[in-house]
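Here is the structure we will look at, set down as structure tokens.
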Amino acid sequence: MAASGQTPPPGLALRGLSKTYGEGRAAVRALKSVDLNIAPGQFVVVLGPSGSGKTTLLNLIGGIESPSAGRLLIDGVDVAAMSVEERTTYRRERVGFVFQFFNLIPTLSALENVQLVAELVKGDAEAASRRALERVGLNSRVDHFPSALSGGEQQRVAIARAVVKEPPLLLCDEPTGSLDLDTGRQILALLRAAGRRDGRTLLLVTHNSVIARVADRVVRMRSGEVVADETVTQPIAPEEVEW
Amino acid sequence: MILRRKLLRDMRRRRGQFAAVVLTIFLGIVLFGASYDAFLNLKASYQSLFDDLRFAHVTTVGGDTQAIADEVAARPEVVAVTTRTVADIPFRLGGNHKLLGRVVGLPAGSQPEVDQVMVLRGTYLDPARPEGVLVEQHMSNRFGLEPGSSFEVLGPQGWTQVRVAGVVASPEYIWPARSRQDILTSTDDFGVVFAGAGLLETLPNTAAHREVLAFFRPGSDGTASEAVVRDIALRHEAVDVYTRAEQPSNAALQEDVQGFGDLSLMFPLLFLGAAGMATYVLLTRMVYSQRAQIGLLLANGFRRRTVFRHYLAYGLAAGLAGAVPAVVAGALLARIITGFYTAAISVPVTVVRLHPETLLAGVLFGLVAGAVSALSPALLASRTTPAEAMRGSKPPAGPGEASSRSWCLPCAGCLPAGKWCCAA
Ligand SMILES: Nc1ncnc2c1ncn2[C@@H]1O[C@H](COP(=O)(O)OP(=O)(O)OP(=O)(O)O)[C@@H](O)[C@H]1O
Ligand SMILES: [Mg+2]
């Protein structure tokens, strides 16, 4: 399931990327002219307090919202300039999402939740879904429904769902936000594996600074701006994370 | 496809609500199928009876009947003409019960060419037994007159006994009405017998009149032919001319049957309207509660039209689930209704057919009702922003209840009652 073998991980270049919600007096400037370069295959943690624009940044990079200004180049192609149809294709083929609240469909089993997304791309969706679930250690729970799974297990299904299309770009919004320490560590380990081992560009948003130490790089945000950008020289293993 | 599984499981999960919608659609379409099919069956039953018994297209009363008959018979669109005598005279039954009955002349030995009778029991008129008469079935049923019974008619020489040779049905008296002015004639006061010339010749001229009956070639232009016959009749001083549609019994029947036709649309529309409203509210709520799921689908690269079709499918599935068993049940019910109806008013012919067009229309009704009511929720779903997957895991804070209510019923705020609902 090496994503690197199919689509090389993308390099990202953000140029004056801005997002304003609403108009006039009600306008909220969620992102203020962000400039950022992310190398292919890098594991970047975006850190910042609540309301600093982390989710907004992820949404723009993932092509589920469009910027108010600026350019967002993925391998040199401007996502901001894409048509709706092109952006759907971009999401379908290049991006995997992991959310804080898992967002599993309650009426579908673990396998079906993964398969639903796997069907969007060519190939044997069921086999690919089983493989993805196996990688997150859930092969014995494939037929269970979300209500019968723990939070950590649900998030593992969500990770399997995010990677089953083998997207070169993995975007995670507070993936450990609603999990306890141990489970959070497992999830982090799985995500890091999905990034590093399979050669994906991985962006992980959190307001927990300890998590940041597992990444290659930490981008700090405040009030819609990047206030610090550091390379982590000695990333720690997820098992060492404490919070 | 997994989305289809989601559809079925979502429906099973809300099975109570969907069952209510499906049941309402089912009832609406059963009503439609049953009443519309019964309407078609009854029309076919009458038509078949009228064809078999050569029910007159036009009847003229009085005037120079020989001249009228000759001239009408010469018309190319006319295949048969009959003249006959009809007399309204008192009958006496069971010793004491008197009523003003009607004696209609028939040729003894063979059926007339127009307005024949169907012998239900006994035999047709026998020229060798001039005192024999045929009793119309309603009178027979009311007074228990069977072949071999006798009763009296009032002739110039006083009460004369007649014998019942047979009991018959007549296309003119399926609904036994004395006249167009007296549609609701009681069988206590009115009865019809058919008799040969032997009996009629003994009756006083004042009570009797002559009639000409015309039967048209199948496929001829009825309205034009009726006008032609009417012209001829009035030229020869007929006192009355009426068409098949105006014939008292038939006019009453057609009105009744038309009632089925009207019912077959009105009630079903009410039910389908109610089902549509229920589906609309149910699906709008469902879309609202599934915003995060919809966001997730869109974020993962599902197209908006796929999401639209997915939610439209809930309406279509409900429509189909209600409609398919309903058209079958409707057709069966129509059979029963037709049988009951023809038995209740003694129509001697019952035609029951399966009408593919009714089945098809019923299924279409269900699908259209489902699709129309799912349209707006499906559009709402397809316009969800994919960012809902990120942010919409919990309903937005703020006015909460009120805003979610106005979200469920987008136009509720525009109505007085809706304002109250959204403001509460
Ligand atoms: N759809 C929207 N309409 C208006 N304002 C919005 C919208 N989405 C986000 N915002 C605002 O933009 C700002 C940044 O929001 P964002 O969700 O990106 O923050 P965040 O860093 O992810 O916060 P958290 O850690 O709480 O998730 C906030 O002030 C938020 O209120
Ligand atoms: Mg956020």
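The values are calculated or read from the model by the stated rules, or taken from the named source; none is laboratory data. Just so it is clear, the structure is predicted and the values come from calculations on it, not from any experiment. Here the Cβ positions follow ideal geometry from the backbone for every residue, glycine too, while neighbour counts run over all protein chains shown. Note: accessible area is taken over every heavy atom of the protein model, side chains too, but ligands, DNA and RNA are not part of it. Shrake-Rupley method; radii C 1.70, N 1.55, O 1.52, S 1.80 Å.
State the number of residues belonging to region A:107-127 that are more than 8 Å from chain B (Cβ to nearest Cβ) and open to solvent by 20 Å² or more (accessible area, probe 1.4 Å).
6
Looking only at region B:160-207, which residues are part of a strand (DSSP E or B), over 20 Å from B:Lys98 (Cβ atoms) and open to solvent by 20 Å² or more (accessible area, probe 1.4 Å)?
Hit for region B:160-207 is B:Ala165, nothing else.
What about B:Gln111, is it under 25 Å from B:Val349 (Cβ atoms) and open to solvent by less than 40 Å² (accessible area, probe 1.4 Å)?
Numbers: under 25 Å from B:Val349 (Cβ atoms): yes; open to solvent by less than 40 Å² (accessible area, probe 1.4 Å): no.
Considered against the rule, which asks whether it is under 25 Å from B:Val349 (Cβ atoms) and open to solvent by less than 40 Å² (accessible area, probe 1.4 Å), B:Gln111 comes out as no.
Given the conditions (1) open to solvent by 60 Å² or more (accessible area, probe 1.4 Å); (2) in a helix (DSSP H, G or I), and given that B:Gly219 satisfies all but one, which numbered condition is not satisfied?
(2)
Considering (1) closer than 13 Å to A:Val136 by Cα; (2) open to solvent by 30 Å² or more (accessible area, probe 1.4 Å), say which one A:Leu188 fails and leave the rest.
(2)
Could you say which residue among B:Thr187, B:Thr202 is closer than 30 Å to B:Asp64 by Cβ and assigned by TED's automatic domain parsing to the domain that holds B:Ala73?
Numbers: B:Thr187 fails: closer than 30 Å to B:Asp64 by Cβ.
Selected residue: B:Thr202, the only one of B:Thr187, B:Thr202 that is closer than 30 Å to B:Asp64 by Cβ and assigned by TED's automatic domain parsing to the domain that holds B:Ala73.
If you go through region A:50-65, how many residues are under 12 Å from the mean Cα position of the chain (by Cα) and within 6 Å of ligand 1 (Cβ to nearest atom)?
Residues meeting the conditions: 2.
Would you confirm, using the coordinates I've provided, whether B:Ala389 is among the hydrophobic types (A, V, I, L, M, F, W, C), open to solvent by less than 20 Å² (accessible area, probe 1.4 Å) and modelled with pLDDT of 95 or more? Outline the logic, then answer.
Values: among the hydrophobic types (A, V, I, L, M, F, W, C): yes; open to solvent by less than 20 Å² (accessible area, probe 1.4 Å): yes; modelled with pLDDT of 95 or more: no.
No; evaluated as a whole, the condition is false for this residue.
Helices (runs of 4 or more DSSP H) wholly in region B:1-74 with at least 2 residues that are within 14 Å of chain A (Cβ to nearest Cβ) and either over 30 Å from A:Val117 (Cα atoms) or among the hydrophobic types (A, V, I, L, M, F, W, C) (or both) - which ones? Even if it seems obvious, please write down each step before you answer.
Numbers: elements: B:2-13, B:15-52, B:65-73.
Counting at least 2 such residues, we get B:2-13.
Looking at B:Leu316, B:Leu367, B:Leu359, B:Leu320, which is the one that is open to solvent by 70 Å² or more (accessible area, probe 1.4 Å) and either assigned by TED's automatic domain parsing to the domain that holds B:Ile29 or touching a residue at least 24 places away in the same chain (Cβ under 8 Å) (or both)? It would help to see each step written out before you state the result.
Numbers: B:Leu316 fails: open to solvent by 70 Å² or more (accessible area, probe 1.4 Å); B:Leu367 fails: open to solvent by 70 Å² or more (accessible area, probe 1.4 Å); B:Leu359 fails: open to solvent by 70 Å² or more (accessible area, probe 1.4 Å).
Going through B:Leu316, B:Leu367, B:Leu359, B:Leu320 in turn, just one is open to solvent by 70 Å² or more (accessible area, probe 1.4 Å) and either assigned by TED's automatic domain parsing to the domain that holds B:Ile29 or touching a residue at least 24 places away in the same chain (Cβ under 8 Å) (or both): B:Leu320.
Applying the selection to region A:149-180, what residues are on the phi > 0 side of the Ramachandran plot and within 16 Å of ligand 2 (Cβ to nearest atom)?
From region A:149-180, those on the phi > 0 side of the Ramachandran plot are A:166, A:174; that's our starting set.
Passing the criteria: only A:Glu174.
Output the residue which, of all residues in region B:344-353 that are open to solvent by 60 Å² or more (accessible area, probe 1.4 Å) and at pLDDT 90 or above, is farthest from the other protein chains (Cβ to nearest Cβ).
Step one: filter region B:344-353 for residues open to solvent by 60 Å² or more (accessible area, probe 1.4 Å), giving B:344, B:350, B:353.
Applying the additional criterion that residues be at pLDDT 90 or above yields B:350, B:353.
Details: B:Thr350: 50, B:Arg353: 44 Å.
Restricting to residues being open to solvent by 60 Å² or more (accessible area, probe 1.4 Å) and at pLDDT 90 or above, the top hit is B:Thr350.
Among the residues of region B:266-310, write down those that are buried (at least 23 other Cβ atoms within 10 Å of the Cβ), among the polar types (S, T, N, Q) and outside any loop (DSSP other than H, G, I, E, B).
B:Thr279, B:Gln293
Select from region A:134-148 the residues that are over 21 Å from the mean Cα position of the chain (by Cα) and without any contact (Cβ under 8 Å) to a residue 12 or more places away in the chain and list them in ascending order.
So in region A:134-148, the residues over 21 Å from the mean Cα position of the chain (by Cα) come out as A:139-145, A:147-148.
Answer for region A:134-148, where residues must be over 21 Å from the mean Cα position of the chain (by Cα) and without any contact (Cβ under 8 Å) to a residue 12 or more places away in the chain: A:Asn139, A:Ser140, A:Ala148.
Select from region A:199-226 the residues that are hydrophobic (A, V, I, L, M, F, W, C) and open to solvent by 20 Å² or more (accessible area, probe 1.4 Å) and write down the one among them that is farthest from ligand 2 (Cβ to nearest atom).
This residue is A:Val210.
Check whether at least one residue in region A:173-181 is acidic (Asp, Glu), part of a loop (DSSP other than H, G, I, E, B), under 25 Å from A:Ala110 (Cβ atoms) and without any contact (Cβ under 8 Å) to a residue 60 or more places away in the chain, and report yes or no.
Going through region A:173-181, the residues acidic (Asp, Glu) turn out to be A:173-174, A:180.
Remaining after also requiring part of a loop (DSSP other than H, G, I, E, B): A:174, A:180.
If we keep only those that are under 25 Å from A:Ala110 (Cβ atoms) as well, we get A:174, A:180.
Those left that are additionally without any contact (Cβ under 8 Å) to a residue 60 or more places away in the chain: A:180.
Yes - at least one qualifying residue is present in region A:173-181.
Inspect all residues belonging to region A:23-37 and state whether any of them is without any contact (Cβ under 8 Å) to a residue 60 or more places away in the chain, more than 10 Å from ligand 1 (Cβ to nearest atom) and open to solvent by less than 10 Å² (accessible area, probe 1.4 Å).
Looking for residues that are without any contact (Cβ under 8 Å) to a residue 60 or more places away in the chain, more than 10 Å from ligand 1 (Cβ to nearest atom) and open to solvent by less than 10 Å² (accessible area, probe 1.4 Å), one finds none in region A:23-37, hence no.
With the requirement that a residue be more than 16 Å from ligand 1 (Cβ to nearest atom) and closer than 13 Å to A:Val44 by Cβ, what does region A:214-243 give you? Can you show your working first?
Filtering region A:214-243 down to residues more than 16 Å from ligand 1 (Cβ to nearest atom) leaves A:214-217, A:229-242.
Matches in region A:214-243: A:Val214, A:Ala215, A:Asp216, A:Arg217, A:Asp229, A:Glu230, A:Thr231, A:Val232, A:Pro235.
With respect to B:Gly148, determine if the residue is assigned to a strand (DSSP E or B), modelled with pLDDT of 90 or more, among the small types (Gly, Ala, Ser) and in contact with a strand residue (DSSP E or B) (Cβ under 8 Å, 6 or more places away or on another chain). Explain how you work it out, then say what you get.
Working: assigned to a strand (DSSP E or B): no; modelled with pLDDT of 90 or more: yes; among the small types (Gly, Ala, Ser): yes; in contact with a strand residue (DSSP E or B) (Cβ under 8 Å, 6 or more places away or on another chain): yes.
In short, no.
In region A:62-96, how many residues are more than 12 Å from chain B (Cβ to nearest Cβ) and either among the aliphatic types (A, V, I, L, M) or within 30 Å of B:Arg13 (Cα to Cα) (or both)? Please lay out each step first, then the result.
From region A:62-96, those more than 12 Å from chain B (Cβ to nearest Cβ) are A:67-83; that's our starting set.
Still in the list and also either among the aliphatic types (A, V, I, L, M) or within 30 Å of B:Arg13 (Cα to Cα) (or both): A:69, A:72-74, A:77, A:79-82.
Matching residues across region A:62-96 total 9.
Does A:Pro49 satisfy the criteria of being surrounded by fewer than 22 Cβ atoms within 10 Å (Cβ to Cβ), within 16 Å of ligand 2 (Cβ to nearest atom) and in contact (Cβ under 8 Å) with a residue 60 or more places away in the chain? Walk me through how you get there before you give the answer.
Working: surrounded by fewer than 22 Cβ atoms within 10 Å (Cβ to Cβ): yes; within 16 Å of ligand 2 (Cβ to nearest atom): yes; in contact (Cβ under 8 Å) with a residue 60 or more places away in the chain: yes.
It is true that A:Pro49 is surrounded by fewer than 22 Cβ atoms within 10 Å (Cβ to Cβ), within 16 Å of ligand 2 (Cβ to nearest atom) and in contact (Cβ under 8 Å) with a residue 60 or more places away in the chain.
Looking at A:Asp143, A:Asp229, A:Asp173, A:Asp182, which is the one that is modelled with pLDDT of 90 or more, over 30 Å from B:Ile2 (Cα atoms) and either touching a helix residue (DSSP H, G or I) at 6+ places or on another chain (Cβ under 8 Å) or open to solvent by 10 Å² or more (accessible area, probe 1.4 Å) (or both)?
A:Asp229
Residue check, A:Phe99 against (1) within 14 Å of chain B (Cβ to nearest Cβ); (2) within 28 Å of B:Met286 (Cβ to Cβ); (3) open to solvent by 20 Å² or more (accessible area, probe 1.4 Å), all met but one. Which one?
Of the numbered conditions (1) within 14 Å of chain B (Cβ to nearest Cβ); (2) within 28 Å of B:Met286 (Cβ to Cβ); (3) open to solvent by 20 Å² or more (accessible area, probe 1.4 Å), the odd one out for A:Phe99 is (3).
Report yes if some residue within region A:69-76 is open to solvent by less than 10 Å² (accessible area, probe 1.4 Å) and farther than 14 Å from B:Asn300 by Cβ; otherwise report no. Before you say what the answer is, go through the steps one by one.
In the first step, residues of region A:69-76 are kept if they are open to solvent by less than 10 Å² (accessible area, probe 1.4 Å); the result is A:72, A:74.
Still in the running and farther than 14 Å from B:Asn300 by Cβ: A:72, A:74.
Yes, region A:69-76 contains at least one residue that is open to solvent by less than 10 Å² (accessible area, probe 1.4 Å) and farther than 14 Å from B:Asn300 by Cβ.
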